[in-house]
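Accompanying notes for the structure given below.
Just so it is clear, none of the values below were taken in a lab; they were calculated from the coordinates. Small disclaimer: the values here were computed from a predicted structure and weren't measured. As a convention, Cβ positions derive from the backbone with ideal geometry for all residues, glycine included, and neighbour counts pool all protein chains shown.
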Amino acid sequence: MHTHDPNKQVSFIQQALSQNRKPIAFLIGAGCPLAVRVEREKGGIRENQPLIWDVAGLTKIIDTRLGGSDKASPSTWNRLIEIVTDDGGDPNNIEHILSKIRILKAVAGKGKVRDMDATELDELDTGVCGIISEEVDRSLPNKETPYHNLAIWARSIRREYPVHLFTTNYDLLMEQALEESSAPYFDGFVGSRNAFFDLGAVEDERLLPARWARLWKIHGSLNWRLVDNRSVVRSDAKADNHSYLIYPSHLKYDQSRKMPYLAMLDRLKAFLLEPSAVMFVCGYSFADEHINDVICRSLDANPTAHMFAFLYGGLDEGKYDLARNCALNTPNLSMLAFDKAIIGRNAGDWKAEDIEGLSLPPGILQKVGTDVSLTLGDFSSFGKLLRDLSGTEEKPHGA
C-alpha cells in the first residue's frame, strides 16, 4: 500500500502558486459556493445554509417547485423524472435531467416522443432554467470570502502569464469578487450595455495585458442571453426575445447557441497544452465526462502540465468514482482528498511524522494520532492558503 507525504505535496503547491512565470489556472466547480455560509429563515427558524446549493440541492428545490402530488395527473416534471429513472439516469442531477429534456425536445419535432411534445418540453426547459437562475442569483455577503482571496491573489503580483479562471457555475460570484478586489478580467464579451460575445477576442486573448485574469464560464452564465436565437450577449436585462443561455448538457446546438460553449472548452484545452501549465481544481467532482475527456486527453498530450485536484471529503466516496478513474490513468493528475491521495497513478493514505514543518494557516493540515488530514478540498481552506501567499494586507493592484 502506497503512502503520500502531505508536506511534500503542499510544498509543491505553495511553490507553484508563488511563481509569476508559470501559466496558472483554476477550475471552480459547484462545490465552491457551499464554502460560503449565510443565515436564512426556514419555518420561522434561522439556519446556517450554503450561499448556493450544489447540483443535488438545486435539483431538490426544482423538484419541490415543479413536481406535483397528483399521481392521477402527474406534472410534466414528474413524467420526465420517471423517464430519466426508467432509462437508468440520475434523477438527482439537474444537469443530466436538463440534458434529457433537450434530447427529447430535439427528437420530438412536430410530433411526440415518450408521450411528450416539443411545446411542453420547451416549457419545462424554460421553467427549469428560470428556477436555476433564481437560485444562483446570489451575492457574496462580505469581502472575506474564498472568492475574494482568489481574486486578490490573482492580482497580487505582476505576472508573465495571465491567470485563467475556469468555472462550471452559472453564478456571478467570481465576477463580484474580482470587481470588488479591483482585479481586471476578460470573459469573452465586449461592450457595456449589451456586451456581445467576441470569438475573435477570445482566440486572440494572448494580446490582452497579462495582469487581466481570464474568466471562462464553461456551462454558461446567469447573465448570458440568447437574443432572437441569433446572437449571445451579456446583460442583466431580460426581454421577451431573450432566453437563458446555460449549458448543463452537451448537445450540439445551432451555431449561435453552441459557439460560446465550444470556445470555452477550447480555452480549457489550450491552457492545458501550454508548456509547464499548472491547474488547481476545487469544488469539481469530475462528474462531467465531457470536461473530463478534455482534461485527460490534454494532460496525456502534454506531460509538462500538471493538475492538482482537491476533493472535499474522503477519496473513496461513491461520488468520486469518475475522479478516481481519471487520476489512476493520468500520471500528471494529482488528486488530493481529505484522507487519501492519488499521485503518479498511485493511491495511498496521507502519512507524515511531522506536520509542523510548513508555515500554513490553521486547519489545512491536521494530525490526530496517526491520522493525517489535508483539507484543501474545502474551498475555505484553499482560500486561506491563497490569502496566506498573497499577504493578509491587500497590495496595490497596480503593483
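Looking at the stretch 17-46, which trypsin sites (Lys or Arg not before Pro) are DSSP coil and have at most 12 other C-beta atoms within 10 Å of their C-beta?
Those satisfying the criteria are Arg21.
Using Cα Rg over 2.2 N^0.38 Å as the read-out, say which of (i) 0.96; (ii) 1.49; (iii) 1.01 was calculated from these coordinates.
Looking at Cα Rg over 2.2 N^0.38 Å for this model, the match is (iii).
Specify which residue in the list Val232, Gly369, Asn93 is farthest towards the positive end of the charge dipole of the chain, using unit charges on the beta carbon of Lys, Arg (+1) and Asp, Glu (-1), about the Cα centre.
Toward the positive end, the furthest listed residue is Val232.
Going down the table (Lys319/Lys384; Lys22/Lys269; Lys42/Lys384), which pairs top 22 Å between alpha carbons?
Lys319/Lys384; Lys42/Lys384
Using amide H atoms built 1.01 Å from N in the peptide plane, name the residues 5+ places from His4, or on other chains, whose amide H lies under 5 Å from its own.
Counting only residues 5 or more places away or on other chains, the set is Asp349, Trp350, Lys351.
Tally the DSSP beta bridges in the chain and give the antiparallel ones as a percent, rounded to 5.
Roughly 55 percent of the beta bridges in the chain run antiparallel, per DSSP.
For a quick check: sort Asp300, Asp204 by the number of other beta carbons within 10 angstrom, fewest at the front.
With the sparsest Cβ surroundings first, the list reads Asp204, Asp300.
If I require 20 Å or longer along the helix axis, counting alpha carbons, and a Kyte-Doolittle average no lower than -1.0, what helices from the chain are left? Use full DSSP H segments.
Length and hydropathy pass: 94-108, 118-136, 255-272.
Out of the GluC sites (Glu not before Pro) in the stretch 96-181, which ones are loop residues according to DSSP with at most 13 other C-beta atoms within 10 Å?
Those that pass, being in a loop and sparsely packed, are Glu144, Glu160.
By count of other Cβ within 10 Å, fewest leading, how are Leu311, Leu124 ordered?
Final ranking by Cβ density, sparse to dense: Leu124, Leu311.
Counting Lys and Arg as +1 and Asp and Glu as -1, what is the net charge of the other residues whose Cβ lies under 11 Å from the Cβ of Asn48?
Counting the neighbours of Asn48, the net charge comes to +2.
Say we join alpha carbon atoms closer than 10 Å with springs in a Gaussian network model of the chain; which of Ser192, Ser276, Ser221 then has the biggest fluctuation?
Among Ser192, Ser276, Ser221, the largest GNM mean-square fluctuation belongs to Ser192.
Could you list which residues have their amide H under 5 Å from that of Ser276, counting only those 5 or more apart in sequence or on another chain, with H placed in the peptide plane?
So Ser276 has HN proximity to Thr304, Ala305.
Taking the simple approach of a point 7 Å from Cα along Cα-to-Cβ for both Lys71 and Glu39, what is their distance in nm?
Result for the modelled spin labels: 4.2 nm.
Taking neighbour counts of Cβ atoms within 10 Å as a proxy for exposure, in what order, fewest first, do Tyr320, Tyr170 appear?
Tyr320, Tyr170
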